[in-house]
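Below is one structure, written out as structure tokens; the observations come after it.
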Amino acid sequence: MKRGKGTKPFRRRIMHHHMEIFKKVDVIVTPTTGMTAPKIPPGALENGESNMQVSGYLMRFILAANLLGLPAITVPVGYDKQGLPIGLQLIGRPWGEATILRLASAIEELCAESRRKPASFHDLLKTK
């Protein structure tokens, strides 16, 4: 991207590619994140953490829908070998919320039996 041009040309190009894909499919399906949940360092629970490499892996698949304003939803679909949750992201066409909500509901029903809290669970919203 050239300096001073901003993100509009980039966004327009990415949107064009997504619209070409949507000519062939109703929904784009990706992993929610590029890796399963990393170990949380002990100090991070109290003070937070900044790890750009891990953040990049975690955000790899969610950037396009956010940048383009496309509807997207994540559904839990299972667990990795360490018992950490794995999510599936569904990205819809513009104004395609109804489609991804119906599909997410069907996937959630199929995967409902395997839903449980992971062995290592931290409720970040819980107050002390």
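The values are calculated or read from the model by the stated rules, or taken from the named source; none is laboratory data. From a predicted model like this one, the values you see are computed outputs, not experimental measurements. Glycine gets a Cβ as well: all are built from the backbone with ideal geometry, and neighbour counts include every protein chain shown.
From G6, G34, which residue is in a loop (DSSP other than H, G, I, E, B), over 11 Å from the mean Cα position of the chain (by Cα) and surrounded by 10 or more Cβ atoms within 10 Å (Cβ to Cβ)? So that I can check it myself, show each step before the final result.
Values: G34 fails: over 11 Å from the mean Cα position of the chain (by Cα).
Step by step, each of G6, G34 is checked, and only G6 is in a loop (DSSP other than H, G, I, E, B), over 11 Å from the mean Cα position of the chain (by Cα) and surrounded by 10 or more Cβ atoms within 10 Å (Cβ to Cβ).
If T74 satisfies all but one of (1) touching a strand residue (DSSP E or B) at 6+ places or on another chain (Cβ under 9 Å); (2) loosely packed, with under 11 Cβ neighbours inside 10 Å, what's the number of the condition it fails?
(2)
Consider A98 against the criteria (1) surrounded by 14 or more Cβ atoms within 10 Å (Cβ to Cβ); (2) not in a loop (DSSP other than H, G, I, E, B): it satisfies all of them except one. Which criterion is unmet?
It is condition (1) that A98 fails.
Could you look through segment 49-69, keep only residues that are outside any helix (DSSP H, G or I) and small (G, A, S), and pick out the one that is modelled with the lowest pLDDT?
Quick first cut of segment 49-69, residues outside any helix (DSSP H, G or I) only: 49-51, 60-62, 69.
Restricting the remaining residues to those that are small (G, A, S) gives 50, 69.
Details: S50: 75, G69: 92.
Ranking the candidates gives S50 first.
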